[in-house]
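**Student:** Okay, here's the structure, questions in a sec.
The values are calculated or read from the model by the stated rules, or taken from the named source; none is laboratory data. This is a predicted model, so every value here is computed, not measured. Here the Cβ positions follow ideal geometry from the backbone for every residue, glycine too, while neighbour counts run over all protein chains shown.
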Amino acid sequence: MIRHKGSTLIEVMLSTMAGSLIMVLAIKLVHQTFQLSSQTTARTNHSHSLNRLARQFRDDIHHASSIQVESDVAMSAESSNGTRTIYKFADGRVEREHTDNFNVVSHEQYPLIADTNVRFSKQSNPERGLMLVEHQSGFAGSVPRLNLNVSAVSGRWDERNDIEKGAKIP
C-alpha cells in the first residue's frame, strides 16, 4: 500500500475550526476580564469617594453651630467662627464649597457611579445633619440599595474645644 504524506481537506478544516473556536473563546475571556477590571476600578473609586465624603461631612457638621437644609439635594453648615460649607448633589457627584473666615473659597468634588442618589436632611434635639446615599440597581422596580447613611451632631467639636479650655458647658 502506498502511503501519502499530508492530510485530507476534512482534517485541515476540522483543525482550523478547532483552532478558531479556541481563539474566539480566548478573546471572549480577555474581553470579560477587562470589563470586570473596569467595573472593579469604578466601584473601588466610588467606595473611596464615599469614604472621603463621609469623613469630610462628619467633620464639617461637627464643627458647625447651625445647619440649614435648602433642599433634599443641598445643605449648608455654618460655624461660630464664620466658616460656611455648602454640599450640593448634581450631575452624579457631590460638590463641597467651603468658605473660611477669611472668605477664601475652596471647592471639592466627590464623583459617584451612575444611578446614585444623595439626599440631605436635618434632625433636631440634638441638631443633627444627615446624608443618605443610595444606588439604584439596573433592574426596573427594584429597591434602591443603601450605600451610606451618615449622621453627625452639630457643634460637637466646639464643645470638646470648650471643655479642653476649661469652660463649663450647660
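**Student:** In the set 112, 9, 53, which member is surrounded by fewer than 14 Cβ atoms within 10 Å (Cβ to Cβ) and of a type in the set (A, V, I, L, M)?
**Tutor:** Selected residue: 9, the only one of 112, 9, 53 that is surrounded by fewer than 14 Cβ atoms within 10 Å (Cβ to Cβ) and of a type in the set (A, V, I, L, M).
**Student:** Right, next: Do we find that residue 71 is touching a Ser or Thr at 6+ places or on another chain (Cβ under 7 Å), closer than 16 Å to residue 123 by Cα and not aromatic (Phe, Trp, Tyr) in this structure?
**Tutor:** It is false that residue 71 is touching a Ser or Thr at 6+ places or on another chain (Cβ under 7 Å), closer than 16 Å to residue 123 by Cα and not aromatic (Phe, Trp, Tyr).
**Student:** While we're on this one: Give the range 94-109 a look and list any residue that's farther than 15 Å from residue 61 by Cα and surrounded by fewer than 16 Cβ atoms within 10 Å (Cβ to Cβ), or say none.
**Tutor:** Within the range 94-109, 95, 101, 102, 103, 104, 105, 106, 107, 108, 109 qualify.
**Student:** Still on this structure: I want to confirm something. Restricting to the range 110-135 and keeping residues that are among the polar types (S, T, N, Q) and in a loop (DSSP other than H, G, I, E, B), which single residue is modelled with the lowest pLDDT?
**Tutor:** This residue is 125.
**Student:** Go through the residues of the range 50-68 one by one and say whether even a single one is hydroxyl-bearing (Ser, Thr, Tyr), in contact with a Gly (Cβ under 7 Å, 6 or more places away or on another chain) and farther than 15 Å from residue 111 by Cα. Talk me through it step by step, then tell me what you get.
**Tutor:** First, the residues of the range 50-68 that are hydroxyl-bearing (Ser, Thr, Tyr): 65-66.
Among the residues that remain, those that are also in contact with a Gly (Cβ under 7 Å, 6 or more places away or on another chain) are: 65.
Filter again for farther than 15 Å from residue 111 by Cα, leaving 65.
Yes, the range 50-68 contains at least one residue that is hydroxyl-bearing (Ser, Thr, Tyr), in contact with a Gly (Cβ under 7 Å, 6 or more places away or on another chain) and farther than 15 Å from residue 111 by Cα.
**Student:** Among the residues of the range 67-78, write down those that are of a type outside the set (Val, Ile, Thr) and modelled with pLDDT of 90 or more. Give the derivation first.
**Tutor:** The initial filter retains those residues of the range 67-78 that are of a type outside the set (Val, Ile, Thr), namely 68, 70-72, 74-78.
68, 74, 75, 76, 77, 78 - these are the residues of the range 67-78 that are of a type outside the set (Val, Ile, Thr) and modelled with pLDDT of 90 or more.
**Student:** If you don't mind, there's one more thing I want to ask. Being surrounded by fewer than 17 Cβ atoms within 10 Å (Cβ to Cβ) and polar (S, T, N, Q) narrows it down to one of 65, 76, so name that one.
**Tutor:** Details: 76 fails: surrounded by fewer than 17 Cβ atoms within 10 Å (Cβ to Cβ).
That would be 65, the only listed residue that is surrounded by fewer than 17 Cβ atoms within 10 Å (Cβ to Cβ) and polar (S, T, N, Q).
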